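*Asks:* Encoded as C-alpha cells, here's the structure I'll be asking about.
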Amino acid sequence: MSLPTDYPRFTLGLALSAEQRAFFAKHGFLHFRGFAAPEHVQRILRATQQVQAKWLAEGVEKVNGVPIKYGHDVDGARIVQRFAFASQHHEGLHELLQDPRFRALFPLLEAEDGRVGENEKDGLVVNHYVNVDGSEFSQMGWHTDSLRDVFYGKRIGPMLNVGLHLDCNQATNGGLRVIPGTHRQSLHKMLFRKKYYKDVSDDPDEIAIETEAGDLTVHDGRMWHRVARSPLTGEASRRRVMYVPIIAGKYQPKSEASPTPFYLRFLHLVK
C-alpha cells in the first residue's frame, strides 16, 4: 500500500496551504474534517427528505435527462437512493454550494476558469446507500469520473469530485475506497485497469476513507475509486453522501431537454 490509512486530515479554509496542494498533487485526494457543523448536516438531511417527498409524490423519473434511482428503506418505504441536480430543487442545497470555501479548491484544477458544476454533468448528486431487501443502491464498483469525457470523444478535462459526508462511517461499514496516485496513470490504465462498475473486489493498493458527519472529501476525476458494500444490514448500514463536480472549460449546462448521457445507461449495474 502506497499510503498509510492514517493519512493527514485537514481543515478547509478560504485558501489551500502548500502542504494540502502538495498532498493532492501526489495522492490525488484530500480529506477535510468538520466542513459542515452537526446542525448544518441535519438541515441538509431535512432538505434531501423534502426533495424526496416531492419527487415521490410527482413520480419524477429523470431530472435534466439523468435517471433518478429509487429503492426501499429499512421499513420498506420507497425512497430516492440517487438524486441528481438536487440543488435545483431546494434553496438550502443551492445556498450550500455558494460557500466560499469551495473556491479554495479551484487551483487544484490547474485551470483558469474553475467553477462549481451545479448545473452541469449530474449537478449536486445525493447518494443514499442502505443494505436491505429491496435496496437498489448498496455499493458502487470501481470507476473513474473522467470516463464520461472518453465516451463523448472529448479530451479528458480537469475535474474534481467533492463529497460532503452526512453520516459517520468506519471502514468496517463499507464506504469510499480510493487508489492513491492513480490520477497520474496512463489513459490505457484509466480505461482498462478495472471492469467499470462490475468489479467490486478489494484492491491491495486501496485505502478506506473513514468519515465523520460533516467531513468533506475531494478526489481527482481520473482516480480509481469505489464504494464498498456494508457487511451490516438495516439501519447500521446507512450511508449518505452528496457529490458535486468542480470543473473548468466550456460551460455546458443541462436542461429538461437534455438527453440521457450514454454512461448512465449502465446505472442499472450499480446495486
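*Asks:* Please report the base-10 log of the normalised intensity I(q)/I(0) for the chain, using a Debye sum with one equal scatterer per alpha carbon and no solvent, at each q in 0.08, 0.13 (1/Å).
*Replies:* With no solvent term, the Cα-only Debye profile gives -0.29, -0.84.
*Asks:* In addition: Against the globular-protein guess of 2.2 N^0.38 Å, express the Cα radius of gyration of the range 157-223 as a ratio, rounded to two decimals.
*Replies:* 1.19
*Asks:* So, one more: To the nearest 20 Debye, how big is the dipole of the chain about its Cα centre, given +1 on the beta carbon of each Lys and Arg and -1 on that of each Asp and Glu? Show your work: numbers first, answer last.
*Replies:* Details: 35 positive and 32 negative charges, 157 e Å.
Result for the chain is approximately 760 debye, rounded to the nearest 20.
*Asks:* If each DSSP helix of 4+ residues adds -39,500 (n - 2.57) and the sum is divided by the residues in the chain, what number results at 222 nm, nearest 500 deg cm²/dmol? If you can, show how the numbers build up before the last one.
*Replies:* Numbers: 5 runs with 48 residues, N = 271.
After summing the helix terms and dividing by residue count, I get -5000 deg cm²/dmol.
*Asks:* Pairs 54/195; 69/189; 26/62: which are spaced more than 32 Å apart, C-alpha to C-alpha?
*Replies:* Numbers: 54/195 36 Å; 69/189 29 Å; 26/62 38 Å.
Beyond 32 Å: 54/195; 26/62.
Taken together, the values in this text are just the output of simple stated rules run on the coordinates, not laboratory data. What you see is a predicted model; the values in this text were computed from it and never measured. We place every Cβ from the backbone using ideal geometry, glycine too, and count neighbours over all the protein chains shown.
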